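Participant: To start, I am sharing the structure in question, which I have written as structure tokens.
The values are calculated or read from the model by the stated rules, or taken from the named source; none is laboratory data. Everything numeric here is computed off the predicted structure, so don't read it as measured data. FYI the Cβ positions are ideal-geometry reconstructions off the backbone, even for glycines, and counts take in every protein chain you see.
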Amino acid sequence: MPKYELMYIIGNLSSDNEIPKIIEEVKRDITELGGSVLKHEDLGKKRLSYPIKKVRNANYILVRFEAEPSGAKELEKKMRANQEVIRYLILNIEDALRRTEKDRLVRSKMKPRTEPDTGRPQAGKAKPAAAKRPAAKKIEIDLDAEIEKALETDELK
């Protein structure tokens, strides 16, 4: 059986006493659909980045489970119908690992961008190094002497 990961968010409109009941209901749904819960984590209450259904704080729950693909589809339907769950995501772990590995291989075969004039690898959009600029002349001025000279002129008197 494939392994899945389910992350769902319960809005704070549900009281703290109702949350364990909702969690048990989701676990029961998984077992009724022929799956088995491998790991369950209550990640706690966190502030959302943006309001979802006028909710600012929510409880995050992560569940790893095994089920047949048809069972995962049915669980998705049940999660969509659950009014207390404001967001959810079901992910097939093996498929996600395969896609990640494929992306890593594709990225390793890509050529790095090169600078047009040197042929060296380009370091993003960095500004040219200070070594390429001409050295600035250092000007040394005795500031106190210049101030005294300016005060002695007839223009200020």
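Participant: Could you check the range 19-40 and list, in sequence order, the residues that are part of a helix (DSSP H, G or I) and either charged (D, E, K, R) or touching a residue at least 12 places away in the same chain (Cβ under 8 Å) (or both)?
Facilitator: Within the range 19-40, ILE19, LYS21, ILE22, ILE23, GLU24, GLU25, VAL26, LYS27, ARG28, ASP29, ILE30, GLU32 qualify.
Participant: For residues in the range 1-22 being among the hydroxyl-bearing types (Ser, Thr, Tyr) and at pLDDT below 90, which is surrounded by the fewest Cβ atoms within 10 Å (Cβ to Cβ)?
Facilitator: SER15
Participant: Among the residues of the range 48-81, what is the count of those that are under 22 Å from the mean Cα position of the chain (by Cα), at pLDDT below 90 and either β-branched (Val, Ile, Thr) or part of a loop (DSSP other than H, G, I, E, B) (or both)?
Facilitator: Of the residues in the range 48-81, 3 are under 22 Å from the mean Cα position of the chain (by Cα), at pLDDT below 90 and either β-branched (Val, Ile, Thr) or part of a loop (DSSP other than H, G, I, E, B) (or both).
Participant: Which residues, taken from the range 43-60, are surrounded by 11 or more Cβ atoms within 10 Å (Cβ to Cβ), among the charged types (D, E, K, R) and free of Cβ contacts under 8 Å to residues at least 24 places away in the same chain?
Facilitator: LYS46
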